[in-house]
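Below you'll find the structure, written out as structure tokens, and then a few comments.
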Amino acid sequence: MKFFTVYTNPQHPKSIKLVPNGFSWMVFILGAIGLFIQKSWIHGLIIFSLCISLKFWLHPPIVILVLIHFLLACFAYHFQRTELTLSGWKIKTIIAGRNKQAALLRLLDQYPDLAQKI
């Protein structure tokens, strides 16, 4: 079972976001580009510039680059949650589900006020 952090935005009451907790395979494979796809713009730009600088100045072995991708993948969803918080989104709750749709159904079952807003 996966856990999702639920975010609501007071400025846009009809929208909610579910951010999964755990490892991001997309970021592990794509690196900083995966952060851009997840809409973690600030962290993506910082990590992308660091990776480019590291690649051109130090020429690290491939093992170091794989380790960097692994660490990015471990913290990718944390980066996404941080950027949502910076954008004004508030944590509503943490919900569990088999997938995102099941977690959303469970969320709307527990919080009927959210179902009326959506």
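Results, tabulated for the structure shown:
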item	result
For residue 62: the one exception among (1) more than 20 Å from the chain's Cα centre (by Cα); (2) β-branched (Val, Ile, Thr); (3) under 21 Å from residue 1 (Cβ atoms)	(3)
Filter result for residue 98 (farther than 25 Å from residue 12 by Cα, in contact with a strand residue (DSSP E or B) (Cβ under 8 Å, 6 or more places away or on another chain) and touching a residue at least 24 places away in the same chain (Cβ under 8 Å))	yes
Every residue from the range 12-42 that is under 24 Å from residue 106 (Cα atoms) and in contact with a Gly (Cβ under 7 Å, 6 or more places away or on another chain)	24
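Laboratory data are not the source of any read-out in this text; all were calculated from the coordinates shown. The structure displayed is predicted, hence computed values, not measured ones. Virtual Cβ from ideal backbone geometry, glycine too; neighbours counted across all protein chains shown.
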